[in-house]
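The values are calculated or read from the model by the stated rules, or taken from the named source; none is laboratory data. The structure presented is a predicted model; accordingly, all values stated were derived computationally and were not measured. Note that we place each Cβ from the backbone using ideal geometry, even for glycine, and neighbour counts take in every protein chain shown. Quick note on the areas: whole protein, heavy atoms, side chains included, nothing else; ligands and nucleic acids left out. Shrake-Rupley method; radii C 1.70, N 1.55, O 1.52, S 1.80 Å.
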Amino acid sequence: MAPATAPTREDALTSDEPSSDGVEDPSETVAADTISAAEQELYGGRLRYDQSYVRHERPLTRLKFGHMAAALPRMVGMVLRTGWHTDPRALAGVVTAQLGQGVTAGWGLVAVNSVLTQLFANGPTADKLRDAVPSLVMLAVAAVATAVLAAWSTAMSGRLEPQVERAVSARYYTAVTGVEVEATERPEVQRVLEAGKFGTDSARSMLRLSVGVGGVVIGMVAAAVVLAALHWALLPMLLAVALPKGWGAVRSARRDYLSRMNWVDHRRAIASLLAYLTRPHAAGEIRAHAAGTKLLSSYEEMSRQTEAEQRRLARAQASTDLVAGAFAGVASMACYGVLWWLLASGGLPLAVGGTAVIAMRTSTARLTSLVQQVNRLYEELLFITDTEDAIELAGENAIPPSGRPLPSPVREVWTEAVSFTYPGADSPALTGVSVRVPRGKVTALVGANGSGKTTLTKVLAGLLLPSDGNVWWVGEPGERVELREADRAQVFGCVGLLAQDFPRWEMTAAANVAIGAGDRPRDMDHVRRAAQEARVLDLIEGLPHGWDSIVFKGYERGVQLSGGQWQKLGTARTRYRQAPFLLVDEPTSALDPHAEIASFRGLWSLAEQGHAVVLVTHRLAATMKADHIYVLDHGRVVEDGRHEDLMAREGGLYQGMFTAQAAQYGHTPAPDTLPGPRGTRPSGHRTVS
Ligand SMILES: Nc1ncnc2c1ncn2[C@@H]1O[C@H](COP(=O)(O)OP(=O)(O)OP(=O)(O)O)[C@@H](O)[C@H]1O
Ligand SMILES: [Mg+2]
C-alpha cells in the first residue's frame, strides 16, 4: 500500500475572501497571513498560493459573477459535448428524462388547480368530489410519471458520469504529459498545470449538477408558466424569493474556492508530513533520529492553522446564510402579502390563490435544492475552468507533434555552442558546450557536482531545448537535422535513458523492465535477455513470484530490492529499449565493485555493437578506456580528449580528479588487472504479504 502524497481536492481547502466588491476584508485574512513555527522551520516561510497562477485575468476579476455567468454555459457545453462523444444514448436519455419531468411538474400543477377549482365551486360536496376525480387521477399519473422519469435520469446519468470524468482526465493528462520539460520547470506553468489537476473530477460533478439544476429549473419554469397563466403578479414573487438565496450561494462558493486554492500548498505539506510517517524508506530515521516526533508535532501545529481557517469559513458561511435567509424571509412575507391583497380585492379567485400557495411552497423547496446545487456548480465551474486553462497552456507549450524526419541512420549527435539556463536560475547550467556523440563509441562526461553533466544528457536526449546553440542529429555527410525542427517522436525513439534519479515504478519486476518501451507490446523473452545483460535475471527469477513480484513492499506479492538491485533493474529497462543512443547517468553509483565492472563492460560491448554510449560517471577508472572524455566545469567544457591526453595536461582538472581518486587506493589501478565479474548470486530479499 502506498500512502498518497498527491494532494486531493479535499486537501486543497480553505482563506482570504474578497468581499463582493473585490476589496479584501482585513479581518478575514488573518488565518492566511499567520505563519506557524513548524511552517517556518520545515518550509522556510508561509505556504500559501499567491493566486498568480491564474492566467489572463486577475483572479478576482475571474471570480466576478458576470464572468462566471458567461463561463457557465461554455463549461456546461463542454461537459455535455464530452458526454455526447462518450455515450450519446445516455446523454439523450438524461436530457429527455429531465425535460419530461418539467412537463409532468407543470401538468401536476394544472391538475392541482383544476382539483381546487372544482372543490371551491358552488354545489353539494359529494358532487364536487366526484367531479374532481378525473383531475385527481391526472395528478396521480403525473406523480408516477415524475418518479419513473427521475429513476431513468438517475440510471442514465450514473452511466454517463464516470465516462465523462475519464474523458476529461484523459484529455488533461495527455496534454500535461506532452508539455516540453523546460516549460514544466517554469513555476508559472507548473502552477497552472498543477491547479488543473483538481478539476478533473469536477467534470463528473458538473454533469450531475447540471442535470440536477436543469431538472429543478425546468420544474420551476413549468411552475412559473402555470403561475403566470393564473396571474402575472405571481411570477415576480417567485423571483423575489429566489434572488437572496442565489446571492448567498455564489458568495459562499467563491469564498470556499479562494480558500481552497490559497491553502493548497499548506494542505499538501500536511499530507506529505503524514505520508512520511508510514513510508518504509523513512522508517529508520523516523525512529532513530526522532524525525517522527518532529513531524507529528509539526502536523498538529499546521493542522491547527487550517482548523482556524475552517472556523473562519464556517462563521462567514453562517453570516451569509443569515443575511440571505433574512432577505428571502422578507421576500416571502411580501409575496404572501401581495397574494392576500389580490384575494381580498377579488383580483384572484380563491382556488387560484390555493394553487399559488402550493406552487410557491414547492418552488421554495425546489429553490433550496437549486441554491445548493448552484453553489456546488459554481465551485466545480471554478475548478474545471482551471483544468481547461491547464489544457490550453499545455497545448501552447507542447512538444511539437511533428517535425523534420531524422536522417536514417543517425550516425552521431553534436551539440554546437549549446547554452541552457533553467527557468528561475541565476546562472546558466551550460555555456557554449560543443560535444560529439558518435555511434560505436563511448563518450564520457565527467566533472564536479553541479557542473552540468545531467543537464547535457537531457539536451542530448532532446528533453531540453538549448536557449542558444544547436543540437544536430547527423546522418551521412550532408544530412543533418537540428533538434528544434526535428520530429521529436523520432528523437525519443533513438534514445535510451538511465537517469541519475531513474523512476522506480511501483509495479511488477516485468513491468519495470518492459516500460522501457512503453509504446511496444511486452516481449518476455526480450525482458529476460535485458535482465540477463543487466545481471539481474537470477535475482528476479529466484523470487517466489518471479517476474510478477511487485518491486515495492506492502503489496501482496511485494518485495524490497536493494539500491544496487534497483539500479540493475533500471539498467535492464534501458537495455530493453534497444535504442541506438544510450545516455547513462551514474549507472553504477550503487553497485558493488564486481557488478560495477560488469556494468561498464556491458556498456563497452554495446558500443562495439554500434550504439552510441554517453557515460556520466564519477568513477574515473571507467573513463580510462572511453573513446572521448569531456570535462565539464561550471557548465563549460574545459578539457576534452582521451584519458592519456587529459592526464598529460599538468595541472589539468581531469588529471587532478583522477589522481585524487587513485590516491585513495594508494596507487593508480589499471582496469584490466581488476578481477572479472563473478556469477551474480541473487541477493537476499524478503517477501511481504
Ligand atoms: N531542474 C533544475 N532547475 C534549476 N536548476 C537546476 C535544475 N537541475 C539542475 N540545476 C542546476 O544546474 C546545474 C547543473 O546541474 P546538473 O544536474 O546538470 O549537474 P551534474 O553535473 O549532473 O551534477 P551531479 O554530479 O551532482 O549529478 C546545477 O547548478 C544545478 O543546481
Ligand atoms: Mg547529475
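The C-beta contact set for region 590-616 (first residue farther than 19 Å from residue 537 by Cα, second residue open to solvent by 30 Å² or more (accessible area, probe 1.4 Å) and part of a helix (DSSP H, G or I), distance under 9 angstrom, 6+ apart or interchain) comprises 613/604; 616/454. If the condition is being within 16 Å of ligand 2 (Cβ to nearest atom) and of a type in the set (A, V, I, L, M), then region 467-500 contributes 497, 498, 499. If the condition is being within 14 Å of residue 444 (Cα to Cα) and either more than 16 Å from ligand 2 (Cβ to nearest atom) or in contact with a Leu (Cβ under 7 Å, 6 or more places away or on another chain) (or both), then region 586-600 contributes 587, 600. Look at (1) within 30 Å of residue 259 (Cα to Cα); (2) open to solvent by 20 Å² or more (accessible area, probe 1.4 Å); (3) not basic (Lys, Arg) and you find that residue 198 fails only one, number (2). Taking helices (runs of 4 or more DSSP H) as the structural unit, those lying wholly within region 211-289 and holding at least 2 residues that are modelled with pLDDT under 80 and either open to solvent by less than 30 Å² (accessible area, probe 1.4 Å) or of a type in the set (Val, Ile, Thr) (or both) correspond to 234-262. Checked against (1) over 23 Å from residue 204 (Cβ atoms); (2) in contact with a Phe, Trp or Tyr (Cβ under 8 Å, 6 or more places away or on another chain); (3) hydroxyl-bearing (Ser, Thr, Tyr), residue 387 meets all criteria but (1).
Just one of the numbered conditions (1) open to solvent by less than 20 Å² (accessible area, probe 1.4 Å); (2) touching a helix residue (DSSP H, G or I) at 6+ places or on another chain (Cβ under 6 Å); (3) away from ligand 1 (no atom under 16 Å from the Cβ) is not true of residue 564: (2). Among the residues of region 614-635, just one is within 12 Å of ligand 1 (Cβ to nearest atom), surrounded by fewer than 20 Cβ atoms within 10 Å (Cβ to Cβ) and not in a loop (DSSP other than H, G, I, E, B), namely 633. Just one of (1) in a strand (DSSP E or B); (2) within 16 Å of ligand 1 (Cβ to nearest atom) fails for residue 451. It is (1). Considered as a group, the residues in region 551-566 that are in contact with a strand residue (DSSP E or B) (Cβ under 7 Å, 6 or more places away or on another chain) and in contact (Cβ under 8 Å) with a residue 60 or more places away in the chain include one that is farthest from residue 511 (Cα to Cα), and that residue is 554. For region 426-466, a residue qualifies if it is touching a helix residue (DSSP H, G or I) at 6+ places or on another chain (Cβ under 9 Å) and more than 16 Å from ligand 2 (Cβ to nearest atom), and the qualifying residues are 437, 439, 440, 441, 442, 462, 465, 466.
Evaluation of residue 582 against the conditions (1) open to solvent by 20 Å² or more (accessible area, probe 1.4 Å); (2) within 38 Å of the chain's Cα centre (by Cα) shows that the sole unmet condition is (1).
If you check residue 116 against the conditions, is it more than 30 Å from residue 211 (Cα to Cα) and surrounded by 19 or more Cβ atoms within 10 Å (Cβ to Cβ)? Yes; evaluated as a whole, the condition is true for this residue.
Cβ-Cβ under 6 Å, sequence separation 6+ or interchain: first residue in region 567-586 and at negative phi, partner within 16 Å of ligand 1 (Cβ to nearest atom) and polar (S, T, N, Q). Which pairs? That search, which allows pairs on different chains as well, returns 583/457; 585/454; 585/457; 585/500. When region 510-535 is filtered for residues that are within 26 Å of the chain's Cα centre (by Cα) and in a helix (DSSP H, G or I), the ones remaining, listed by number, are 511, 512, 513, 514, 515, 516, 517.
Annotation for region 434-448: no member residue is within 16 Å of ligand 1 (Cβ to nearest atom), surrounded by fewer than 18 Cβ atoms within 10 Å (Cβ to Cβ) and part of a strand (DSSP E or B).
Is region 376-390 home to any residue that is under 25 Å from the mean Cα position of the chain (by Cα) and either without any contact (Cβ under 8 Å) to a residue 24 or more places away in the chain or within 16 Å of ligand 2 (Cβ to nearest atom) (or both)? Within region 376-390, not a single residue is under 25 Å from the mean Cα position of the chain (by Cα) and either without any contact (Cβ under 8 Å) to a residue 24 or more places away in the chain or within 16 Å of ligand 2 (Cβ to nearest atom) (or both).
Looking across region 585-601, just one residue is among the β-branched types (Val, Ile, Thr) and either open to solvent by less than 20 Å² (accessible area, probe 1.4 Å) or within 16 Å of ligand 1 (Cβ to nearest atom) (or both), and that is 588. Number of residues in region 391-425 that are farther than 20 Å from residue 466 by Cα and within 16 Å of ligand 2 (Cβ to nearest atom): the value is 0.
Filter region 493-528 down to the residues that are open to solvent by 50 Å² or more (accessible area, probe 1.4 Å) and among the small types (Gly, Ala, Ser) and list them by number. Within region 493-528, 518 is the sole residue that qualifies.
Just so you know, in region 402-433 the residues that are closer than 16 Å to residue 473 by Cβ and open to solvent by less than 50 Å² (accessible area, probe 1.4 Å) include one that is farthest from ligand 1 (Cβ to nearest atom), and it is 407.
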